[in-house]
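Here is the structure we will look at, set down as structure tokens.
The values are calculated or read from the model by the stated rules, or taken from the named source; none is laboratory data. Given the structure is predicted, the values throughout are model-derived calculations rather than measurements. Ideal geometry is used to build each Cβ from the backbone, glycine not excepted, and the neighbour counts take in all protein chains shown.
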Ligand SMILES: NC(=O)c1ccc[n+]([C@@H]2O[C@H](COP(=O)([O-])OP(=O)(O)OC[C@H]3O[C@@H](n4cnc5c(N)ncnc54)[C@H](OP(=O)(O)O)[C@@H]3O)[C@@H](O)[C@H]2O)c1
């Protein structure tokens, strides 16, 4: 299929920041391309926690006017920009877009796009692009884990959390993971019953209490996207010489909406002074996929290609908990904003 300018593009926009009720579905012209961009007919797009932060005006460095969210996309290329050399019309691709994916047609950068085998289900590939690349890069490029190490993953049933769990087990790590009771039974058996996975019900007992009994010296690495004072607790759960990777600020969203008090006080409470780091011999590392992928596009493509290969080989079996049509985006966002669903939530454009 090639570009047809008579086609209309259905897309979601957020005219003003606010609740999921602020989302509109509109029809527009097909977008124009920069020389290094491609136009993709979207098969599926992920609904990410970052989309909620954007909707609530809490996500830095994105243009908030009439924003179309959508961080990760699978589809077929219908047009390429003049400088695009690696990809061609008709290729099936997986792209990291940051915004724009909640639409029938999405613009992506060639540099953050890889080929995607035809036989792979679009929802499974979408589950890999943002969540698994984030998890894989944090494990291998930021924390540089080695087999035998012990890691603590918060929100282990969530999109990135379950990716950290599956990849961590694949890389030979022992994984301690916090999750609410309601999600215990929802994790697939190959993860749930793995001998190197230990569940921590953080709502019944503070996770530190359970962890110190199991591992008095502390874990080697903690992955924390809750932020605020939680980050400090994560820091205290590490062994001397350990690393905490801070990659999110979920605490700024409460009951599906932004919470300024938590956002601001959390930011202040998360601070650690350098002198403390020296005394403890610990590292606090940060990771943000968009800036990291743009700084190192080759690493991004290498890592995503590796993950898609593992998906093809059956090494990875990402959890896709729910698929919605574009017309049901508000409902999908509402459930993601309340962390109700485990694994990945997907919009399927063909679903109507
Ligand atoms: N830096 C990056 O590049 C990057 C990339 C992707 C995502 N992120 C960030 O990562 C975070 C998670 O994203 P996601 O898509 O995985 O979201 P998600 O699917 O909603 O998962 C988040 C999980 O966190 C758990 N949770 C909430 N509060 C908790 C707490 N106090 N203690 C322990 N667990 C808690 C929830 O599970 P329970 O019901 O079990 O509590 C939920 O399953 C978000 O902040 C997102 O913005 C960052």
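What the table below lists for this structure:
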{"read-out": "Filter result (closer than 19 Å to residue 70 by Cβ and away from the ligand (no atom under 15 Å from the Cβ)) within the stretch 124-176", "value": "124, 125"}
{"read-out": "Candidates 209, 262 - the one that is more than 9 Å from the ligand (Cβ to nearest atom) and touching a helix residue (DSSP H, G or I) at 6+ places or on another chain (Cβ under 6 Å)", "value": "262"}
{"read-out": "Cross-chain or 6+ apart pairs with Cβ under 7 Å, the stretch 268-285 first and under 24 Å from residue 251 (Cα atoms), then modelled with pLDDT under 85 and not in a helix (DSSP H, G or I)", "value": "284/272"}
{"read-out": "Test: residue 60 is within 16 Å of the ligand (Cβ to nearest atom), in the same structural domain as residue 28 (by TED's automatic domain parsing) and either surrounded by fewer than 24 Cβ atoms within 10 Å (Cβ to Cβ) or more than 17 Å from the chain's Cα centre (by Cα) (or both)", "value": "yes"}
{"read-out": "Pair list, Cβ under 6 Å, 6 or more apart: the stretch 152-167 residue closer than 18 Å to residue 243 by Cα, other residue within 6 Å of the ligand (Cβ to nearest atom) and modelled with pLDDT under 95", "value": "154/226"}
{"read-out": "Residue check, residue 203 within 10 Å of the ligand (Cβ to nearest atom) and surrounded by fewer than 17 Cβ atoms within 10 Å (Cβ to Cβ)", "value": "yes"}
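Listed here are the residues, each with its yes/no results for (1) more than 26 Å from residue 139 (Cβ to Cβ); (2) modelled with pLDDT of 90 or more; (3) more than 24 Å from the chain's Cα centre (by Cα).
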position	(1), (2), (3)
227	no, yes, no
232	no, yes, no
243	no, yes, no
249	no, no, no
260	yes, no, no
270	no, no, no
276	no, no, yes
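Quick grid of which residues meet (1) closer than 26 Å to residue 259 by Cα; (2) buried (at least 20 other Cβ atoms within 10 Å of the Cβ):
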{"residue": "213", "(1), (2)": "no, no"}
{"residue": "217", "(1), (2)": "no, no"}
{"residue": "220", "(1), (2)": "no, yes"}
{"residue": "224", "(1), (2)": "yes, yes"}
{"residue": "245", "(1), (2)": "yes, yes"}
{"residue": "248", "(1), (2)": "yes, yes"}
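Here is a yes/no grid of residues against (1) over 16 Å from the mean Cα position of the chain (by Cα); (2) in the same structural domain as residue 340 (by TED's automatic domain parsing):
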| position | (1), (2) |
| --- | --- |
| 104 | yes, yes |
| 124 | no, no |
| 137 | no, no |
| 159 | no, no |
| 173 | yes, no |
| 179 | yes, no |
| 193 | yes, no |
| 199 | yes, no |
